[in-house]
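Trainee: One structure, as structure tokens, below. Some questions next.
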Amino acid sequence: MQLKLVAVIVVLVVASLLVAGCTVGLPSTSSPTPTPTPTPTATTDYSSILTKDAESSNFIMERAYTKSTNERGNDVYKGVGRNATLPGSTSVTLVTELTKSEAEAKQVYDKGVMVTLR
């Protein structure tokens with residue numbers, strides 16, 4: 001009688017664990033969930049947007065913006081234009097660098113200002 005009682009208790013415990021989703025000590029019958037592989041993000045080219053923006057800001061673009069990558073690994077856009085409202089204005093090179101953070105942008109700006117002042 002005691003053996004039957006112990007067997008019933010064991011069956012009830014195992015059954016309740018299975019219902020609850022606990023499989024401790026039991027062989028797994030489910031397949032592992034695959035981990036998603038990250039898809040590489042396409043890099044965006046802002047050349048045409050920057051060119052159109054400069055033209056709408058009274059710049060005559062003599063050379064449209066082109067994209068390159070600098071030594072810091074940042075995207076850099078360069079174009080050449082001149083002021084459309086001043087006849088005979090000289091051409092200037094327009095440079096836009098996309099930085100990874102605001103702190104990096106400040107460092108790049110500070111270096112640029114120091115180079116210009118010297």
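Trainee: For region 69-118, give me each residue that is touching a strand residue (DSSP E or B) at 6+ places or on another chain (Cβ under 8 Å) and closer than 13 Å to residue 59 by Cα.
Mentor: Those that are touching a strand residue (DSSP E or B) at 6+ places or on another chain (Cβ under 8 Å) and closer than 13 Å to residue 59 by Cα: 79, 80, 81, 82, 83, 84, 89, 90, 91, 92, 93, 94.
Trainee: I would also like to ask the following. Within region 69-118, how many residues turn out to be exposed (fewer than 11 other Cβ atoms within 10 Å of the Cβ), of a type in the set (Gly, Ala, Ser) and under 18 Å from the mean Cα position of the chain (by Cα)?
Mentor: Residues meeting the conditions: 3.
Trainee: Which residue pairs have Cβ atoms closer than 6 Å, lie 6 or more positions apart in sequence or on different chains, and pair a first residue in region 56-74 that is farther than 15 Å from residue 84 by Cα with a second residue that is among the hydroxyl-bearing types (Ser, Thr, Tyr) and assigned to a loop (DSSP other than H, G, I, E, B)?
Mentor: 74/99
Trainee: Okay, moving on. Can you name the strands (runs of 3 or more DSSP E) wholly within region 46-100 that have at least 2 residues being under 23 Å from residue 111 (Cα atoms) and polar (S, T, N, Q)? Explain how you work it out, then say what you get.
Mentor: Working: elements: 59-69, 75-83, 92-97.
Qualifying strands (runs of 3 or more DSSP E): 59-69, 92-97.
Each value in this text was obtained by applying a stated rule to the coordinates, not by laboratory testing. Fair warning: this is a prediction, and the values are worked out from it, not measured in the lab. For neighbour counting, all protein chains shown are included, and Cβ atoms are generated from backbone atoms with ideal geometry for every residue, glycine included.
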